[in-house]
């Protein structure tokens, strides 16, 4: 009786394997005759298996889309930060233009107006980022935040040029500046600036928590702007005190130039980060040599071709690879091993693995 049971079980396993191979052949024929999702079809002579970690239909495994992120709770913090920045801008700009005649206060106000736009823009970007893929946008709208962060970086340079020019003119041709008005206005705005910074840092931490330790580029850009604002307020406080005590008004322009230097620093960092993603370089957190050596070291693998790793945005890392394996090897077991290692070791959440058997002709 036990022998008959084992024979029956073996037949069921054999039938399941046959159906699995038939499904692979059907998928291959479809890919060979159509363009799916913007990916060119594989030539019919190339027997291959393409695996995507977003679509597994195995028992005990939930069907999910790794490219669709849930909406975070950081939006409220961005609304708070934006509203406070508008209030800050009105106070600093009004006093700087109409009362104190301070270039440092005007610089802070102008910078804050840009920061408010960035905070409100980040709300739109976060909402847009979570929209699902459709049409030609096969990855959805994940890169909205990357482009937005790139514009933020460029905005740092534009603002630095405007403020730098005005500060140099004031340095060459100093004007009367009311030291006490500058000092007390900057002191009164310091709690607002600190609250804005706290709101954006909190939003940043929430984004990191929801996306496995990765920051949103849009929210992080808004935080960089707010941090520069805080530096500007501190410089303005120091400048106002010096003017009040000594009457040396050129220090107002020097305080503004310190803000310019901070703008340039954060602008360079922002463009470097977004440029890395847009050029589709491998993330610094991924050791390509280690990843390639791991795949090559698997018993079934004979050769690794076309290993690529890149970021879609700040929280989605993608990998594609072609491997040559022994004819008798099991494709799906190999797929799972590569996926599990890539995700566990490097946080790669989306894998496309193309497998060719030894006797296939691979065109490079």
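Please give, to one decimal in nm, the separation of the simple spin-label points placed at residue 138 and residue 246, each 7 Å out from Cα toward the Cβ.
In this crude spin-label approximation the distance works out to 6.3 nm.
Please report Rg (one decimal) and Dmax (integer) in Å for the Cα set of segment 75-278.
Cα only, segment 75-278: 18.0, 65 Å (Rg, Dmax).
Expressed in nm to one decimal, what extension gain is obtained for the pair residue 281 and residue 162 from 0.36 nm per residue of sequence separation less their Cα-Cα distance?
The residue 281-residue 162 span can extend by a further 39.6 nm.
Going by average Cβ neighbours within 10 Å, how do the peptides 99-111, 292-304 rank, with the highest at the top?
Working: 99-111: 26.4, 292-304: 14.8.
Most protected by this proxy first, the peptides run 99-111, 292-304.
Going by average Cβ density within 10 Å per residue, which order do the peptides 114-122, 126-134 take, highest to lowest? Walk me through the intermediate numbers first.
Working: 114-122: 23.4, 126-134: 15.4.
The peptides rank, most packed first, as 114-122, 126-134.
So if we plug the beta-carbon distance of residue 187 and residue 128 into 1/(1 + (r/R0)^6) with R0 = 30 Å, what FRET efficiency do we get, rounded to 0.05?
Working: r = 39 Å, r/R0 = 1.29.
After rounding to 0.05, the efficiency reads 0.20.
May I ask you to sort 220, 306 by Cβ crowding, counting other Cβ atoms within 10 Å and putting the fewest first? Walk me through the numbers before you get to the answer.
Values: 220 25, 306 11.
Final ranking by Cβ density, sparse to dense: 306, 220.
Throughout, read-outs are computed from the coordinates displayed, never taken from laboratory work. The structure presented is a predicted model; accordingly, all values stated were derived computationally and were not measured. Methodologically, a virtual Cβ is constructed for each residue, glycine included, from the backbone with ideal geometry; neighbour enumeration extends over all protein chains shown.
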